[in-house]
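Each remark here refers to the structure printed beneath this line.
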Amino acid sequence: MLISLIAAVSKNRVIGLEGEMPWHLSADLKWFKQTTLGHCVIMGRKTFETFGNGSPLPKRTNIIITRQTNYKMPNNCLLANNLNNALKIAHNLQQTEVFIIGGGQIYAAAMPYAHKLYLSLVAVDVPNGDTFFPEIDDKLIWHKTFSQHHPPDKKNDYPFEMTIWERLTPPPLQLKV
């Protein structure tokens, strides 16, 4: 099973500001939807709770990670108490690729397992951001396999580059099932 991280990231690695994305990029949201449809998406509880209607992402298996033992699980979602258990659930569902969709702590925990990164690199600094994408370890070798630039327009606040990065070496951590 491929473990992929997907995120929109500012030049200073910001992914969130006060529980929201600090930009509106329609083209990035469309790419996110096309890329993750039909797959498992794994997210932290706080990320899930930022969804406007409190419903899971449609046409995807939603796995929510929370340490809260009494968390009221939303309909059509699966619950895990840590990343390893969430990945085991996805593996048991015979997923070929699973997407980690946030937040910052979940991305950081998942990075050592990651095979691919789907990153929208947003050409802006967000000085007051409070949630960050982890630094990519220089010791790891990543190769950019896809790149598409998108200029700013009425539906996209900033220019950005949609990219896919594949790890050339095996991930330092392997999922144990």
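Fewest neighbouring Cβ atoms within 10 Å first, the residues Cys77, Cys40 line up as Cys77, Cys40.
Mind checking Rg over Rh on the stretch 116-171, alpha carbons, Kirkwood formula for Rh?
Working: Rg = 13.5 Å, Rh = 13.0 Å.
Over the Cα atoms of the stretch 116-171, Rg/Rh equals 1.03.
Each part reduced to its alpha carbon centroid, the stretch 1-71 and the stretch 75-114 end up 11 Å apart. The distance between label points at Tyr71 and Glu20 comes to 2.3 nm (points 7 Å beyond Cα on the Cα→Cβ vector). Counting charges near Ile64 (Lys, Arg +1; Asp, Glu -1) among other residues having Cβ under 14 Å from its Cβ returns a value of +4.
Sorted from fewest to most neighbouring beta carbons within 10 Å, what does the list Trp165, Trp142 look like? Could the numbers behind the result be given before it?
Numbers: Trp165 21, Trp142 17.
Ascending Cβ contact count within 10 Å gives the list Trp142, Trp165.
Which entries of Lys33/Lys72; Lys30/Lys59; Lys88/Lys144; Lys88/Lys176; Lys11/Lys46 have Cα-Cα distances beyond 19 Å here?
Details: Lys33/Lys72 26 Å; Lys30/Lys59 14 Å; Lys88/Lys144 28 Å; Lys88/Lys176 8 Å; Lys11/Lys46 23 Å.
Distance filter (> 19 Å) returns Lys33/Lys72; Lys88/Lys144; Lys11/Lys46.
Using Cβ counts within 10 Å as a stand-in for footprinting exposure, how do Asp28, Asp157, Asp137 rank, fewest first? Working shown, then result.
Values: Asp28 21, Asp157 16, Asp137 11.
So the ranking, lowest neighbour count to highest, is Asp137, Asp157, Asp28.
Summarising the strand pairing of the stretch 1-117, around 5 percent of its internal DSSP beta bridges are antiparallel.
A helix-only calculation puts the chain at -5000 deg cm²/dmol for mean residue ellipticity at 222 nm, using -39500 (n - 2.57) for each DSSP H run of at least four residues, averaged over all residues. Which chymotrypsin sites (Phe, Trp or Tyr not before Pro) does the stretch 9-67 hold that lie in a coil by DSSP with at most 13 other beta carbons within 10 Å? The qualifying sites are Phe51. Put simply, the amide H of Leu17, placed in the peptide plane, has neighbours under 5 Å in Asp130, leaving out anything fewer than 5 places away on its chain. In the chain, a dipole from Cβ-located charges (positive for Lys and Arg, negative for Asp and Glu) runs towards its positive end, and of Phe51, Leu87, Thr131 it is Leu87 whose Cα lies farthest in that direction. Between Leu168 and Asn92, the contour length at 0.36 nm per residue exceeds the alpha carbon distance by 24.8 nm. Bridgeable aspartates and glutamates around Lys154 (alpha carbons under 19 Å apart, same-chain partners fewer than 8 residues away excluded): Asp28.
Roughly speaking, what is the stretch gain from Val124 to Lys33, that is 0.36 nm per residue apart minus the C-alpha to C-alpha distance, in nm to one decimal? Each step should come with its number before you reach the end.
Details: separation 91, 0.36 × 91 = 32.76 nm, distance 2.27 nm.
The span from Val124 to Lys33 would gain 30.5 nm if fully extended.
When a/c is below 1.5 the answer is rounded, else prolate if a/b is larger than b/c, else oblate, so apply that to the chain with a ≥ b ≥ c taken from the square roots of the Cα gyration tensor eigenvalues.
Oblate.
Think of the stretch 3-62 as having a plus end and a minus end, set by charges on the Cβ of Lys, Arg, Asp and Glu; of Val41, Ala8, Trp23, Val41 sits farthest toward the positive end of this dipole.
Every number in this text was worked out from the coordinates using simple rules, so none of it is lab data. None of these values were measured; they are calculated from a predicted model. Neighbour counts run over all protein chains shown; Cβ positions are idealised from the backbone, glycine included.
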